[in-house]
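The block underneath contains the structure these notes are about, expressed in structure tokens.
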Amino acid sequence: MSFMREVYAVSSEYLGLSEISGPKDNRMIEVAHRLCNIEGDAGGSHTDEIPWCSSWIVLCMVLANIRRNPKAACDVLRKRGIKEGMIIELFVFAKVDYNKMKDIDTGVLFIHPTWSASSKSWDTWGVEVPNAQAQRGDLLRLTRDGGGHITQMDEDKLGLIMLKCLGGNQSNKVTSSTSYLRSRLVHIRRAKEDVASAPTAPPTSEDRTDDSKPTLRRGDKGQYVTLLQNRLNQLSFVLKVDGDFGPQTDSVVRAYQQVKGLKVDGIVGPKTWAAIMGGGVNETPQPEPVKPPTGKITTGQDADEGTEPWYRRMFAACEIDAGKEAQVAKTVKTIEAGYARYLAVAKRIGAAVPENFAWILGVIHFKEASCNFAGVLHNGEKIVGTGRKTSIVPKGRGPFATWEDAAVDALVGESSRWKKLIEGDNDIGNILYALERYNGTGYISGAGKAETSPYLWACSNINDDAGKYVSDGKFDPNASTQSSAGAAVILKELYKQGKFKIQS
């Protein structure tokens, strides 16, 4: 995938990110400006109120570079005087594990942005592209009322009258907008490292060898992505078929590669195409210290376990254990019975999409208290209306007159963990990341690290059916995990039923 498409993919992941009214700043916009040496002034101009379309492109290019070559990105940022704390933040924005990846050198060149908050700074960057050769992801320099604008092309060819553009500071947020007249186009720019010519038109017949199919990866769009998604659905995965190789498709591809013993990189090249289409030989599996039990796809010892990409892959591959379907269906009905109360709490805490967040609350309540409204969301203790406080972790919370009061207290006590989800983030990697940490990280770094968390994965092919914490801090490797379906398993069933929505 070209560098411009990688930048486009990063920006697409943050659609809806917006300025914050009042004295606070959106942290990503603030960091974008700081990369360009811009700060809010003493006269009251807040950082995210300073025009940020150019700074947003700079930020997205830095994040794309981090994904391409983490070590090279760190070296460039340090040379520019960026402090280590902000570099770590940038890795978080790029969704790359800083501790694990900061010293990884892939050999890929760091492509420098302009490091400027001025849209005009891009006038000499890269190479100019003729209008007829413009493609999705190219930079468009426009004039607009009050000054210039820099954004990315969000269509396969230029519109005749209006242009569809993906960028920052469009109606004070990151949006894909069709409100730009083509007559305001100044020029089109592309990274000089990218191939200037437009991609070759795909074959018109599906009766070709797998070698004729293009290599696909995250950020790609078109008929071959649609073919890929349809085929993966035929292989019992669950994908929205939209021709867009987004985070969900990436996770499913990685899960499929892991199941089939292919190199797990999310890239659909000749060998992955051959396996998916049913006609090729798999790569030699990467050596693993322990093989998963029959019917399971992980040992709980994956190098990236506990990271957002790992959660996405596992969720995509997650299937209910044979014989447990009725149990999971019963669990879903139990949660549905209390949905109105979960929805009320979601609205009370100001969830951006309360209808979706309510399902997360219901799943937590099931895991903590089997949906018994006498049991608090913190840990399931039946203290609602008793005048008592919690006696196990977290200790000393309460007393609570109503379950709703207790639920709000539990979420406020974990406010930083739920912030993105309350604001409307429906990335399943982030959701499961928060859920596992709500329960505890003992299956990532504690006594249970040889297992996947049954809190998330019980009754599925992601958990080997034994080994769990039977009380706070006490792990029993022989204890059965099959009595209660995991939170991720329940959410997967709700997703398949169309009730719970995730980012695709």
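Bear in mind that the values in this text are calculations on the coordinates, not laboratory data. A quick note: this is a predicted structure, and the numbers were derived from the prediction, not measured. Positions of Cβ are backbone-derived with ideal geometry, glycine not excepted, and every protein chain shown enters the neighbour counts.
Per-structure values
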| item | result |
| --- | --- |
| Whether the range 394-451 is rounded, prolate or oblate, judged on the alpha carbon gyration tensor where a/c under 1.5 counts as rounded | oblate |
| Angle between the chain longest axis and helix 70-79 axis [Cα atoms, degrees, rounded to 10] | 60 |
| Contour excess over end-to-end distance, with Cα ends at Thr226 and Ser471 and 0.36 nm allotted per residue | 83.5 nm |
| Fraction in percent of alpha-carbon pairs per bin - 10 Å, the range 325-496 | 10, 39, 39, 12, 0 |
| Shape of the range 408-504, Cα gyration tensor, a/c cut at 1.5 | oblate |
| Over the chain, volume per residue of the alpha carbon convex hull, in Å³ | 168 |
| Long-range amide H partners of Ala479 with built H, under 5 Å | Gly467, Lys468 |
| Amide H contacts under 5 Å for Arg144, placed H, 5+ residues apart | His149 |
| Nonlocal amide H pairs with Arg397, under 5 Å, H built at 1.01 Å | Thr390 |
| Relative contact order (percent, whole number), the range 405-504, Cα cutoff 8 Å, 6+ residue spacing | 22 |
| Rounded to 10°, Cα long-axis angle of helix 3-12 versus longest principal axis of the chain | 50 |
| Cα centroid separation - the range 157-197 against the range 462-504, whole Å | 44 |
| Ala340/Thr215 FRET efficiency (R0 35 Å; Cβ-Cβ; nearest 0.05) | 0.15 |
| Contour minus Cα-Cα distance for Thr178 and Ser445 (0.36 nm per residue) | 91.4 nm |
| Relative contact order of the range 3-190, defined on C-alpha pairs under 8 angstrom at six or more residues apart (%) | 24 |
| Charge dipole (the range 325-496, unit charges on Cβ, about Cα centre) - positive-most of Val376, Ile360, Ala485 | Val376 |
| Tilt relative to the chain, helix 325-337 - C-alpha long axis, 0 to 90 degrees, to 10 | 80 |
| Under Karplus coefficients 6.51, -1.76 and 1.60, residue-wise ³J(HN,Hα) of the range 219-225 in Hz, glycine/proline x | x, 6, 9, x, 5, 6, 5 |
| Extended-chain gain in nm, criterion 0.36 nm per residue less alpha-carbon gap, Asn37 and Lys382 | 118.8 nm |
| Pairwise label distance in nanometres, Asn99 with His187, each label 7 Å out on the Cα-Cβ vector | 4.7 |
| The range 1-147: C-alpha gyration tensor shape, a/c 1.5 cut-off, then a/b vs b/c | oblate |
| Ser171 paired with Ala401, simple spin-label distance in nm, labels 7 Å along Cα-to-beta-carbon | 4.2 |
| Hz values of 3J(HN,Hα) by residue in the range 344-353 - Karplus curve (6.51, -1.76, 1.60), Gly and Pro given as x | 4, 5, 4, 6, 5, 8, x, 4, 5, 10 |
| Vicinal HN-Hα couplings computed from phi for the range 80-86 (Karplus, 6.51 cos²θ - 1.76 cosθ + 1.60; Hz; Gly/Pro x) | 7, x, 6, 6, 4, x, 6 |
